[in-house]
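All of the numbers you see were taken from the coordinates with simple rules; none came from a lab. Quick caveat: nothing in here was measured; it's all calculated off a predicted structure. Methodologically, a virtual Cβ is constructed for each residue, glycine included, from the backbone with ideal geometry; neighbour enumeration extends over all protein chains shown.
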Amino acid sequence: MRHVIAGAVLTGALAALPAAQSGEQGVKDEVIAAQKRFYTAYRTCDKATMATLVTDDMMYLHSTGGLQKNKAELVDSLNPANCPFEILQVDPTSVRVYGDSAIIFGNLRYKPKNGPETMGKKIASQVFVKRDGRWLFASNISMEPVPLDTSLKLSQN
C-alpha cells in the first residue's frame with residue numbers, strides 16, 4: 001500500500017513540474033511583452049504610452065553615458081516631431097524572474113533614421129517590476145561589451 005501511495009505522490013509531483021515550468025515561461029513572456037511595449041513607445045516617441053509603462057523613479061543609463069533619472073526626464077526627452085530611431089530594441093538572451101521583479105539581459109539594437117545599425121555591438125541589462133498586476137520598466141544599463149581579463153588576480157588585502 002505504501003508503494004502505491006508513494007507512486008501516486010511521485011506521479012502527482014512529476015505531473016505538476018511541466019505546469020510550473022510553463023507558468024514560469026508565461027511570466028517571462030509577460031515581461032518580454034512589457035519590454036517590447038516599452039521599446040515601441042520609445043522608438044516611436046509615444047509620450048502618452050511611455051508614461052504608463054515606467055515607474056516614477058526609473059533610471060535609464062545609456063551606452064553613451066547619458067542618464068535619465070526618472071519618468072519625467074524620460075518622457076520629456078521624447079520628441080514626436082523629431083523621433084530619431086528606425087530600430088530600437090533589446091533582443092533578450094536571458095530573463096530571470098524573482099517574484100515581482102525581473103531582469104532582462106540582451107543585445108541592444110538600434111538604428112538612427114540617418115545612420116548605421118549597431119546590432120550586436122552593445123548589451124543591455126534591464127529591470128522590470130510588477131505593480132498592480134502590470135510589468136513596468138524600472139532600470140536600464142547599456143554598454144559596449146568589455147572582454148573579461150581572467151588573468152587578473154584580486155587583492156587579498
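Observations
- Over all orientations, the stretch 29-72 has a Cα convex hull whose mean projected area works out to 3.4 square nanometres.
- Spherically averaged projected area of the stretch 82-122 from its Cα convex hull (nm²): 3.7
- Residue-by-residue Karplus 3J(HN,Hα) for the stretch 76-88, coefficients 6.51, -1.76, 1.60, Hz, glycine and proline x: 5, 6, 7, 10, x, 6, 9, 7, x, 9, 8, 10, 7
- Rounded to the nearest whole Hz, the Karplus-based 3J(HN,Hα) values (6.51 cos²θ - 1.76 cosθ + 1.60, θ = phi - 60°) of the stretch 142-148 follow the sequence 10, 6, 6, x, 10, x, 7, with x at glycine and proline.
- Taking the Cα centre of the stretch 28-143 as reference, the dipole from Cβ charges on Lys and Arg (+1) and Asp and Glu (-1) amounts to some 220 debye.
- Peptide ranges 89-100, 126-137 listed from the most packed, as the mean C-beta count within 10 angstrom indicates: 126-137, 89-100
- Cross-linked pairs LYS36/LYS122; LYS36/LYS111; LYS69/LYS113: Cα-Cα separations exceed 21 Å for LYS69/LYS113.
- Dimensionless Rg/Rh of the stretch 54-157 - Kirkwood Rh, Rg from C-alpha atoms: 1.04
- Here the Karplus relation 6.51 cos²θ - 1.76 cosθ + 1.60, evaluated at θ = phi - 60°, turns the backbone of the stretch 70-75 into coupling constants of 6, 4, 4, 4, 5, 4 Hz, with x for every Gly and Pro.
- The distance from the alpha carbon centre of the stretch 57-82 to that of the stretch 96-124 is 15 Å, rounded to a whole number.
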